[in-house]
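Asker: This is the structure I have questions about; it appears just below.
The values are calculated or read from the model by the stated rules, or taken from the named source; none is laboratory data. As the structure is a prediction and not an experimental result, all values here were calculated from the model. Glycine also receives a Cβ, built like all others from the backbone with ideal geometry; neighbour counts cover every protein chain displayed.
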Amino acid sequence: MSQRANALAERLERGAKALADFADTLTEIECQIRVPRDGRAIGVIVHHVASVYSWQIRLAQTIADRKPVLGVTWDDVHKTNAEHAKKYGSVTKEEAIDLLRRNSTAAAAAIRALDDEDLDEAAPVSLNSSDPLTCQFILEDHAVRHSYHHLALIRAALRPLLRVA
């Protein structure tokens, strides 16, 4: 197993665990609080993070397979996120956390299956102006950092309401 891939997988697991553990401390009512500027409820965001791991991993695997990522735009991402929020607006805390735990485990396993050559492979990515990006960069910028990013936004949203550190 690649040490780099394992380190990426461990970072993803730590971020997902931190998000799941934090969400687990909230009540169902607190999970319905909407995050400013995002507009989605906390529980929906946790479910969202869990739901997109497979897509984020597929992006990285496409690059590892020496293929460009074509036809994906930020407009597509925003549309998909809005559709997800509408479809899962009533997701329970337990459902969101369970999915986060299951899908982060699967994402980490997929990352561990990559070798250093895969991680170093670069290809154009339409999501990023067709810039040639490495598989490792895509993993770090999407799957690995996603839970950390949303956890920080959730904490910031709750800080004035719950005095969260």
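Asker: Report, by residue number, each residue of the stretch 107-151 that is exposed (fewer than 13 other Cβ atoms within 10 Å of the Cβ) and closer than 21 Å to A18 by Cβ.
Answerer: Correct list: A109 only.
Asker: If you don't mind, another one. Among the residues of the stretch 11-26 satisfying the criterion of being touching a residue at least 40 places away in the same chain (Cβ under 8 Å) and over 14 Å from the mean Cα position of the chain (by Cα), which is farthest from A156 (Cα to Cα)?
Answerer: Only one residue tops the list, namely D24.
Asker: Could you please find all residues in the stretch 65-80 being at pLDDT below 95 and touching a strand residue (DSSP E or B) at 6+ places or on another chain (Cβ under 6 Å)?
Answerer: Passing the criteria: none in range.
The rows are residues; the columns are (1) of a type in the set (D, E); (2) touching a residue at least 40 places away in the same chain (Cβ under 8 Å).
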| site | (1), (2) |
| --- | --- |
| A60 | no, yes |
| D76 | yes, no |
| K86 | no, no |
| N103 | no, yes |
| D118 | yes, yes |
| A123 | no, yes |
| L133 | no, yes |
| A143 | no, yes |
